[in-house]
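J.: Quick one: the structure is below, questions incoming.
Taken together, the values in this text are just the output of simple stated rules run on the coordinates, not laboratory data. Just so it is clear, the model here is predicted, and its values are computed rather than measured. Note: ideal-geometry Cβ built from the backbone for every residue, glycine included; neighbour counts use all protein chains shown.
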Amino acid sequence: MRKLLLATVAAAAAVTAAAPAFAQDAVAQDTVDTTANEGPRAPDGTKAFGIEPYVGVMGGWEEFDRQAGHGIPNTPIGTGKLNGGLVQGVVGVNVPLGPVFVGAEGNATKGFKGDIDWEYGVAGRFGFRAGDSGLFYGKVGYQWVNFDKFGDNSPDYGAVSYGIGAEVGPKDIGLSGITGNAGVRLRVEASTFGSAKSFRPMAGVIAHF
């Protein structure tokens, strides 16, 4: 009888000791299942899908070539190529799709210290997400440009534009991802007017919501 009692007590102690481990396994399993049911995750761990509006301010430079027949008048030899400094405002929206994203963006640009008066245009963007808030992208759109050099009656010259760029935002300022907390990203970009008829490097800050 004593042996049976001791065996019963030992069995009860073993079950009691094993219960926390079984409970932890069950919680871990529930966590995995819950995460799996949420669907794809972004590289930064935030939700994979959403809509992110943003605005930004950029500055840079653009220089046009002299090649005839590309829609921009040639300047006389010896007077230099059409060029100038630019200040640009942008507004757009990103649509994350897991590890990639698509979006649309509009811009209005004012020239200073050069031949360019105004520019404006629209573009579509597509690219990859990286790290906490990084983006690498290409863009295609249509851009119009007006030149101070040709006077007040200068027409707007338009052409398809192409560009590539990158954005990054430090996590320590509260930026946790393009579908997470609002924050500021730094952007660098290079684009061209028409079929490589200009070179347009730009840099600035993008605030998303």
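J.: Please give the net charge around ARG125, taking every other residue with its beta carbon less than 14 angstrom from that of ARG125, where Lys and Arg add +1 and Asp and Glu add -1.
T.: Overall, the nearby charge balance is 0.
J.: Between PHE209 and LYS81, take the C-beta separation as r, use R0 = 45 Å, and let me know the FRET efficiency to the nearest 0.05.
T.: After rounding, the FRET efficiency stands at 0.70.
J.: What does the net charge come to around ASP156 if you take all other residues with beta carbon closer than 10 Å to its beta carbon, with K and R at +1 and D and E at -1?
T.: The answer is -2.
J.: Further question on the same structure: Once fully extended, how much extra length lies between VAL55 and PHE128, figured as 0.36 nm per residue of separation less the alpha-carbon to alpha-carbon distance?
T.: That works out to 24.3 nm of additional length.
J.: Considering only the other residues whose Cβ falls under 13 Å of the Cβ of ALA166, what net charge follows from Lys and Arg at +1 and Asp and Glu at -1?
T.: Summing Lys/Arg as +1 and Asp/Glu as -1 gives +3.
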